[in-house]
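First comes the structure, then the notes that go with it.
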Amino acid sequence: MNAGAYQSAAMKQGAYQTAQNASEDPRSREYRLFIRVTAQLQRALDEQDTGPVLGLALHENRVLWNALMDDLSQEGNRMPRDLKAQLISLGIWVNRHSSSVMRGDATVGPLIDVNKMIITGLAQQADNADAPEPVEAVGGLKA
């Protein structure tokens, strides 16, 4: 994700503004954003919240995925075309499933699972030398 997309997502996710580090590479920012949002979704699940905690977590997850999809659709994005298409399709599913969760027709668990897969993929891409430091735990994952 390019720096502009991250900055846009961060601006919309007020809590991230204080954690943003200008020297941080985009992959690390993406990793940290996914950790933060996934922790919020997990909190809503753990608390069995169907109100404001869940609503905010779903909103912030959508903001993140929309920023990711926007970045993937940019002409300068060098990710392989097939992978971009798969991630955009996944982002569309995230938005639809989020709506189902808000209506009470689905649970937040699958959104957490998808985000954890993205987190795992980002962590596997990182070299040991430049891997982000653990920030907080999310369902057994360290971020």
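Any read-out appearing in this document is the output of simple, stated calculations on the displayed coordinates, not a laboratory observation. Because the structure is predicted, anything quoted here is derived from the model rather than measured. Here Cβ is always computed from backbone atoms with ideal geometry, including for glycine, and neighbour counts include all displayed protein chains.
For region 24-126, chymotrypsin sites (Phe, Trp or Tyr not before Pro) are listed when DSSP marks them as loop and at most 11 other Cβ atoms sit within 10 Å of their Cβ; the list is empty. Taking other Cβ atoms within 10 Å as a rough exposure proxy, D25, D71 sort from fewest to most as D25, D71. For V53, the shell of other residues with beta-carbons less than 13 Å away shows a net charge of -3, using +1 for Lys and Arg and -1 for Asp and Glu. Cβ crowding within 10 Å ranks H97, H59 as H59, H97, fewest other Cβ atoms first.
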